[in-house]
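Here's the structure, in structure tokens; my notes come after.
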Amino acid sequence: MSKRSSIVEKILAMPFARAVGIAAVYLLAYWGLDWISFIFPAKQLNITPWNPPPAATVVLAFLCGWRWAPMFFLAAFTSNLIARYAPTPIMPTVIADVAEAVIYGSAAVALRRLGLRADLRTFRDVMLFIGVTSLAAALMAISYICTFWAFGYLEPGELVSLIFEYWVGDMIGVTVVAPAFLVHRRHLLSWEWIASALSWEHLAQLGAVALATWIMFFWQDPVVGPLFYPLFIPLVWVAARQGLPGTTLLLLLMQVGLMGTVEVFGISELVTTKLQYLMLALSWTGLLLGAVISERERAREATQLSEARLKSIVEMAPDGILITDDRGDIEMANRGVEDIFGTTQSAIVGRSIGGVLPIAPGDKETVIRRPDGREVTVEAQAATVPIGGRTTSVIAVRDVTARKETEARVRQHRDTVEQAFRGRLTEGLAGALAHELNQPLSAIVTYTGAAQRILATVANVPARALEQLTKAAAQATRAGDIIRRLREFFQGATLEQAPLAISEPIRDMLGLLRDEIERSGTKVEVHVPSTLVASADRLQIEQVLMNLLRNSIEALAETPRGRRRIVVSAAETPEGMVEVKIADTGRGIDPEVAERLFDPFVTTSATGLGLGLTICRSMIEAHGGKLWADRVTSEGAVLHFTLPTTASAATERLDKAYG
Amino acid sequence: MVDSTVFVIDDDEAVRDALCELFASENIPVRAFASAEEFLASDAVGSPGCLILDLMMPGMSGVDLQAELVRRGSTIPIIIMTGQGDVPKAVTTLKAGAFDFIEKPFDPTALLKVVNQALNREGRLRRRYAEREAVESRLALLSPRERQVMDLVVAGHSNKVIGTKLGISVRTVENHRAKLMDKMRCNNVSSLITTILQIKSPAA
């Protein structure tokens, strides 16, 4: 629907029943209000001590908008015929009714534009409401009086006082009726609303109002003056206790009560008019006071709610949270503290923080002994918060015992594997040295033997020369024996083969290397079925894996971070062996090195001895498996090793025993 | 024995050279190779002689070469040289049919002894193989009738019995017999029997 569509179109576009319902309620309210308030009409015109019908217009215009504008006029015009016993002249009445529809409609729409909340939530809302409606009432009073003056019904001399009287009448009508309806519109006359209204306090408040009214009218002759003030007492009481909702109802009740009293006891017009001036002041005071109280109350509730939320968050936090005052005494401890310290909250609150959590300055961790004797390692973090000139400390405590234990276990496991490998390294070094030295020794012995043989065929060779060749050969043989003994001395631990799910050492070693892997930003993929069982010495396989994985991580150093990847996979071969494959995206194996990859002292690392792979191969071969590298690609290195399965290992043992 | 050669396969040049000198001093023909691959690629495979093989070599290892030679049906005796500590592996090679193994550093005299044994055995085998081949080529020359007559002669039957069994005259038997003795290059029945037995006995 476009903005330019006519008002008629807009009304027609509304759901019909709803529109009819609203119209009916509005008209009845307008007529009813006009009827009960049409007393003491000045000059036989619609100038009465209080004039509430515009309140109905303001409410409807505020809630439903401009499209109801024709209705505002209709209500005002028909009301002349229905509610008033002396219809006013037609022309000025029509003009005045149009003015009323336009002025109050505009005022309500202006309030909407200015962001007034329908339930007058804040002090600003109330001020806005009073301000805008005052202005509208003033405009209305001027329009009305001037219209009738223009048509010759009023003398110029009485205009000002009539305008003022009209303004007060409209103002009091709008001020006591519209807020009451707006604030209570959602639950007006609902059962809960009526039930909540019935309380001893409300009755007492009503009694106070009745008493104050009685004092005002009947203590002495009806004199409006100082005796009006007792009415402020129940007003302040209600405003303080029930806020704006109670105040709006009270004001409406007072107004209706006053007017009822005026009618029933025939109070004079003069008194009634003066009474309305005071009533207007009372209304404004009440509304503003009620708004302030309601606003405060809501703010307090919001604070309480957020405090309760924060408290429950603190309470539910898995960490222990302690709050201390400026002397370092604990003011609050949450439930997490109970779990960590093994005691109750009340046993901790009030104690000094130093006694509960002994921690050296600058330290983050400390060990506390719980009442049950358990020692727990905790990590604490403190924040100092200055609140209201006091220094409050908030201390978060976390139980890191389990983490510490895990860390220690991991470190120990790693040490075991590395130490075992260092043992292997010595052994490997001895073996490699033996192999390397045996070659030249063999050559020496053989050369000597050949020389002896050649010389034996020659005549006149000095016997001493031959003898010294024999001695040289004997010394070389002795060197060989020394090497043999050295090697036997460093002979490593015996192999203890047992069923081993190959996924376990792989998982463990990746765990031990997690720091290196994470630091280098390497992505590790593992495709190892947990059902794959080899017959192997766990510690030795762990050493092999540790070596191969370390090599891979080192080889990845030159690969860009995003492409660093290691894939560990395992499968059973057709020959009934378990084959483990470690592939990386590193620099690959230099073809020159590839030939001698498993030879001792061959290395691309600046720090290594070049024995790692040699030893790994000898360990795997001792298991009856093989260790080899794929033929070189530029895409990184792929190393494989095989291990016997439990079944194949058993066959081999039988072979050894009987073969 | 003159054509039998010692083939030395070792990745260490000094060891190769020293071994060559040693065998040369004994007038034993020797050829050296730096790797198993080099040996396999040469014309040496299938030549008479024996192999001195280092167990620990880069690339194809001694064990692998042995397996490959077995696969190719070679019967050349293999003497394994091992470093210390490789004894279990050396035992494996013995199981797979190696002639012997020696530990480095070795006594040259002991090595020469082993090599001579290996060459002797190889020579013996080679001679027996050659003889058997000669007999078989002669047998191939016989006609079916001559073969029948020969089998009966070797079984110890007289010409008359043979004639009756085959349904031919004694005269014809005699003719066949003369021809087959000629073809088999035998002068008498006993030498014929010796010749035939040679191809029926086991190889070793």
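The values are calculated or read from the model by the stated rules, or taken from the named source; none is laboratory data. Because the structure is predicted, anything quoted here is derived from the model rather than measured. Neighbour counts are summed over all protein chains in view; Cβ atoms, including those assigned to glycine, are modelled from backbone coordinates with ideal geometry.
In table form, for the structure just shown:
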read-out	value
Boolean, A:Ala212 is touching a helix residue (DSSP H, G or I) at 6+ places or on another chain (Cβ under 6 Å), surrounded by 12 or more Cβ atoms within 10 Å (Cβ to Cβ) and free of Cβ contacts under 8 Å to residues at least 24 places away in the same chain	yes
Residues located in the range A:531-569, provided they are within 12 Å of A:Gly521 (Cα to Cα) and in contact with a helix residue (DSSP H, G or I) (Cβ under 6 Å, 6 or more places away or on another chain)	A:Ile553, A:Arg564, A:Ile566
Selection within the range A:257-278 - in contact (Cβ under 8 Å) with a residue 24 or more places away in the chain and among the hydrophobic types (A, V, I, L, M, F, W, C)	A:Leu258, A:Met259, A:Val262, A:Phe265, A:Ile267, A:Val271, A:Leu275, A:Leu278
Every residue from the range B:1-13 that is within 13 Å of chain A (Cβ to nearest Cβ) and either free of Cβ contacts under 8 Å to residues at least 24 places away in the same chain or surrounded by fewer than 18 Cβ atoms within 10 Å (Cβ to Cβ) (or both)	B:Glu13
Failed criterion for A:Thr477 (all others in (1) at the interface with chain B (Cβ under 8 Å from one of its Cβ atoms); (2) surrounded by 21 or more Cβ atoms within 10 Å (Cβ to Cβ) hold)	(2)
In the range B:60-70, the residues that are more than 14 Å from every other protein chain (Cβ to nearest Cβ) and either in contact with a helix residue (DSSP H, G or I) (Cβ under 8 Å, 6 or more places away or on another chain) or in contact (Cβ under 8 Å) with a residue 40 or more places away in the chain (or both)	B:Leu65, B:Gln66, B:Glu68
Selection within the range B:51-92 - part of a strand (DSSP E or B) and either at pLDDT below 85 or in contact with an Asp or Glu (Cβ under 6 Å, 6 or more places away or on another chain) (or both)	B:Asp54, B:Ile79, B:Met81, B:Thr82
Residue within the range B:52-59 that is within 14 Å of chain A (Cβ to nearest Cβ) and touching a Leu at 6+ places or on another chain (Cβ under 6 Å) present	no
B:Asn175 vs. criteria modelled with pLDDT of 85 or more, part of a helix (DSSP H, G or I) and in the same structural domain as B:Ser74 (by TED's automatic domain parsing)	no
Selection count, the range A:452-469, where residues are away from every other protein chain (no Cβ under 11 Å) and β-branched (Val, Ile, Thr)	2
Matching option when the condition is in contact (Cβ under 8 Å) with a residue 12 or more places away in the chain and part of a loop (DSSP other than H, G, I, E, B), among B:Arg185, B:Arg132, B:Arg126	B:Arg185
Within the range B:60-107, tally of residues that are within 22 Å of the chain's Cα centre (by Cα), of a type outside the set (D, E, K, R) and at negative phi	20
Any hit, the range A:433-451, residues being buried (at least 19 other Cβ atoms within 10 Å of the Cβ), closer than 30 Å to A:Arg565 by Cβ and either more than 11 Å from every other protein chain (Cβ to nearest Cβ) or aliphatic (A, V, I, L, M) (or both)	no
Restricting the range A:480-500 to residues that are surrounded by 16 or more Cβ atoms within 10 Å (Cβ to Cβ) and in contact with a strand residue (DSSP E or B) (Cβ under 8 Å, 6 or more places away or on another chain), the residue that is nearest to the other protein chains (Cβ to nearest Cβ)	A:Gln497
Any chance B:Asp43 is under 22 Å from the mean Cα position of the chain (by Cα) and among the charged types (D, E, K, R)	yes
All positions within the range A:77-101 that are among the aliphatic types (A, V, I, L, M) and either over 24 Å from A:Val183 (Cα atoms) or not assigned by TED's automatic domain parsing to the domain that holds A:Gly32 (or both)	A:Leu81, A:Ile82, A:Ala83, A:Ala86, A:Ile90, A:Met91, A:Val94, A:Ile95, A:Ala96, A:Val98, A:Ala99
Hey, A:Arg422 within 60 Å of the chain's Cα centre (by Cα), free of Cβ contacts under 8 Å to residues at least 24 places away in the same chain and either closer than 30 Å to A:Phe598 by Cβ or within 13 Å of chain B (Cβ to nearest Cβ) (or both) or not	yes
Residue in the range B:101-114 that is assigned by TED's automatic domain parsing to the domain that holds B:Ile78, touching a Lys or Arg at 6+ places or on another chain (Cβ under 8 Å) and either under 15 Å from B:Ile76 (Cα atoms) or aromatic (Phe, Trp, Tyr) (or both) present	no
Residue within the range A:65-78 that is outside any helix (DSSP H, G or I) and within 56 Å of the chain's Cα centre (by Cα) present	yes
Residue, surrounded by the most Cβ atoms within 10 Å (Cβ to Cβ), within the range B:17-44, restricted to residues that are out of contact with any strand residue (DSSP E or B) (no Cβ under 6 Å at 6 or more places or on another chain) and more than 14 Å from chain A (Cβ to nearest Cβ)	B:Leu40
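Yes/no per residue for (1) exposed (fewer than 11 other Cβ atoms within 10 Å of the Cβ); (2) part of a helix (DSSP H, G or I); (3) in contact with a strand residue (DSSP E or B) (Cβ under 9 Å, 6 or more places away or on another chain):
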residue: A:Arg296; (1), (2), (3): no, yes, no
residue: A:Glu301; (1), (2), (3): yes, yes, no
residue: A:Leu305; (1), (2), (3): yes, yes, no
residue: A:Gly350; (1), (2), (3): yes, no, yes
residue: A:Ile359; (1), (2), (3): no, no, yes
residue: A:Gly362; (1), (2), (3): yes, no, no
residue: A:Pro371; (1), (2), (3): yes, no, no
residue: A:Ala383; (1), (2), (3): yes, no, yes
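This table checks each residue for (1) buried (at least 16 other Cβ atoms within 10 Å of the Cβ); (2) part of a strand (DSSP E or B); (3) in contact (Cβ under 8 Å) with a residue 12 or more places away in the chain; (4) away from chain A (no Cβ under 11 Å).
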site: B:Val15; (1), (2), (3), (4): yes, no, yes, no
site: B:Gly46; (1), (2), (3), (4): no, no, yes, yes
site: B:Gly97; (1), (2), (3), (4): no, no, yes, yes
site: B:Pro105; (1), (2), (3), (4): yes, no, no, no
